[in-house]
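The values are calculated or read from the model by the stated rules, or taken from the named source; none is laboratory data. Remember, predicted model here, so these are calculated numbers, not experimental data. So basically every Cβ, Gly included, is an ideal-geometry build from the backbone, and we count neighbours across all protein chains shown.
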């Protein structure tokens, strides 16, 4: 027994609020590739920590060689305080020569982990956690499969006896004190079941209840259950009676520790607010993420678990329509539903020509496009089918040349050389509007309106821009407030300085309501408010200072440019329709994905004319792609499809001139010829080369020297 007993990490002292946590690291699924040949040597590191006092203990799994789907199946035991502790699981690719590469992380709170019940017929199974990046520069993918349960803490249970057996040992003790946790919850009443959603949140299902009068249960086209309130003509994802029962049964239904009650407004009194619980619940169901409870006085109050706030005021769910979605659904499916709804709302005007022609010189594509598009007085004409012709080039535009035009325009419009945009402070990849664009181009506002029109045309016609902007740019398009957290991805050092001011008393620093701005090598002082140079920032005014800094940094300096851009954009895309997206989804809508997943690419490729997935030439092709760096893969993608971006849901949703069109490789020609591309159909014509080296060389030449289109595009 002693030889097989596990070691317990974490707290050594058996405090009343401590629990014994069993963690089984089952497997990694679809991890990112870090090695040049497309494999990794992954291992997982587990760190138990207190957000205030730091790391308590850490340990790691074994390293598994050359796999993107490692299966560890290793168990670990921790003595934890669920109220205070969290578990950080990080996945790395072991590298003997340099530091290990980061593959993703999962940060798990420990206050919602289920307790193991040896008597249950269906024991708790594993759950897949999405791996998250450490910063916006981290490139991660895949999931971490875990099984996490608390051992029971009842007298005479397995946990208590196991802790007293000689084979159990405590390591790395730490004195952790804090507020006592609430008492263990009572057993569930008959007919109730405890479950967890895919975000780890605990909820309770009453299998014996019926719906209130006027309610009906239905299922949508995807098989999801929802509830219709015929009294108020509303729909909801949440079963209405679950929340009613929670409030009425009190201690009989499991509840987490009672949160602080909402503060009473001036003039409130218990008598003014007292009302029957039944009357409250008859008003209809609560929105998803809300719960009703009763204060000690019997007065009902409402908890918003989404924002972790409480209120006396009841919230009603809005009428759900085809746009409705469940917040616990995967992000891509959520986006897909919105995107489909969005496309339905973009109606083509009936009184416009069949196509909008653009005849351009390739060496003056920006100026020619600027004059042509800005000369259009009625923006609806830009919604007609695009027909792009480059001077002196043969080619029929069935969509491929238009995609190339958006790609070329992206390179020109967003080039910092022209002074309209500049790289953010973090990198030379994400873009922001240049606040001094007027010094570079006196017609800068008309150019921003033109760029807005081009961006609107790209969204309307389902094309992508070859650029990525800072997050505040998308939030301003959606008229959302800019917060301090938005600064982190733009300028991390500035963010840390402002965060320090927010968390400490800045009075002794003698800071003023001013900010320094560097312009052409000279530093200028800008007052954030009238007389700001004479006003010292105190603990009472620091929030106002941070708000003014954010407004100046992201809004005020570029207000005119952003207004001109939005004017052009909203001439083609209705502002109320675009607001269904959040800032992350808007980035996906406009710019697609920046990374190329070769596995996804390969799985969603068609072969024609004697080629198949096992053909030697195809094997050499994918070997060539795997050996390419990220930039070369992007250029190959642009060579064949006309764009360097992949749709949100990957290569499976790649579009051609006639709708959905997978990436296609067709056998064509003789080995003396170079590969050729048909961007309208996402097709690569690949000759049957006789060696890997020959294919690699010819493909490289084709990519590097591709410019115009000869024949049918």
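Taking residue 545 as the residue in question, decide whether it is assigned to a helix (DSSP H, G or I), surrounded by fewer than 18 Cβ atoms within 10 Å (Cβ to Cβ) and in contact (Cβ under 8 Å) with a residue 40 or more places away in the chain. So residue 545 does not fit the description; no. Within segment 385-414, the set of residues being at pLDDT 90 or above and in a loop (DSSP other than H, G, I, E, B) comprises 414 only. Is one or more of the residues making up segment 478-489 touching a strand residue (DSSP E or B) at 6+ places or on another chain (Cβ under 6 Å) and part of a loop (DSSP other than H, G, I, E, B)? No; the residues of segment 478-489 include none that is touching a strand residue (DSSP E or B) at 6+ places or on another chain (Cβ under 6 Å) and part of a loop (DSSP other than H, G, I, E, B). Just a yes or no: is a residue in segment 92-100 modelled with pLDDT of 90 or more, surrounded by 22 or more Cβ atoms within 10 Å (Cβ to Cβ) and in contact with a strand residue (DSSP E or B) (Cβ under 7 Å, 6 or more places away or on another chain)? No, because not a single residue in segment 92-100 is modelled with pLDDT of 90 or more, surrounded by 22 or more Cβ atoms within 10 Å (Cβ to Cβ) and in contact with a strand residue (DSSP E or B) (Cβ under 7 Å, 6 or more places away or on another chain).
Restricting segment 500-524 to residues that are in contact (Cβ under 8 Å) with a residue 24 or more places away in the chain and in a loop (DSSP other than H, G, I, E, B), the residue that is surrounded by the fewest Cβ atoms within 10 Å (Cβ to Cβ) is 510. When segment 337-371 is examined, which residues are found to be surrounded by 16 or more Cβ atoms within 10 Å (Cβ to Cβ) and in contact (Cβ under 8 Å) with a residue 60 or more places away in the chain? 338, 339, 341, 342, 369, 370 - these are the residues of segment 337-371 that are surrounded by 16 or more Cβ atoms within 10 Å (Cβ to Cβ) and in contact (Cβ under 8 Å) with a residue 60 or more places away in the chain. Against the list (1) farther than 28 Å from residue 583 by Cα; (2) out of contact with any strand residue (DSSP E or B) (no Cβ under 8 Å at 6 or more places or on another chain); (3) at pLDDT below 90, the condition residue 355 fails is (2). When the helices (runs of 4 or more DSSP H) confined to segment 596-713 are screened for residues that are in contact with a strand residue (DSSP E or B) (Cβ under 7 Å, 6 or more places away or on another chain) and modelled with pLDDT under 90, those reaching at least 2 such residues are found at 630-641.
Yes or no: residue 568 crowded, with 18+ Cβ neighbours inside 10 Å and on the phi > 0 side of the Ramachandran plot? Considered against the rule, which asks whether it is crowded, with 18+ Cβ neighbours inside 10 Å and on the phi > 0 side of the Ramachandran plot, residue 568 comes out as no.
Condition check for residue 587 on (1) over 20 Å from residue 488 (Cβ atoms); (2) in contact (Cβ under 8 Å) with a residue 12 or more places away in the chain: one failure, at (1). Counting the residues of segment 445-471 that are part of a helix (DSSP H, G or I) and either modelled with pLDDT of 90 or more or at positive phi (or both) gives 16.
Scanning segment 451-465 for residues that are more than 16 Å from residue 380 (Cβ to Cβ) and buried (at least 22 other Cβ atoms within 10 Å of the Cβ) turns up 451, 455, 458, 463, 464, 465. Looking across segment 570-595, the residues that are outside any loop (DSSP other than H, G, I, E, B) and under 16 Å from residue 472 (Cβ atoms) come down to 583, 584, 585, 586, 587, 590, 591.
Just so you know, in segment 423-440 the residues that are within 14 Å of residue 561 (Cα to Cα) and out of contact with any strand residue (DSSP E or B) (no Cβ under 9 Å at 6 or more places or on another chain) include one that is modelled with the highest pLDDT, and it is 438. Of all residues in segment 120-139, at least one satisfies being closer than 12 Å to residue 28 by Cα, modelled with pLDDT of 85 or more and assigned to a loop (DSSP other than H, G, I, E, B). Condition test on residue 538, is it out of contact with any helix residue (DSSP H, G or I) (no Cβ under 6 Å at 6 or more places or on another chain) and either farther than 30 Å from residue 33 by Cβ or assigned to a loop (DSSP other than H, G, I, E, B) (or both)? When the stated conditions are applied, residue 538 does not pass them. Here is the figure for segment 603-641: residues that are touching a helix residue (DSSP H, G or I) at 6+ places or on another chain (Cβ under 6 Å) and either free of Cβ contacts under 8 Å to residues at least 24 places away in the same chain or under 30 Å from residue 456 (Cα atoms) (or both) total 4.
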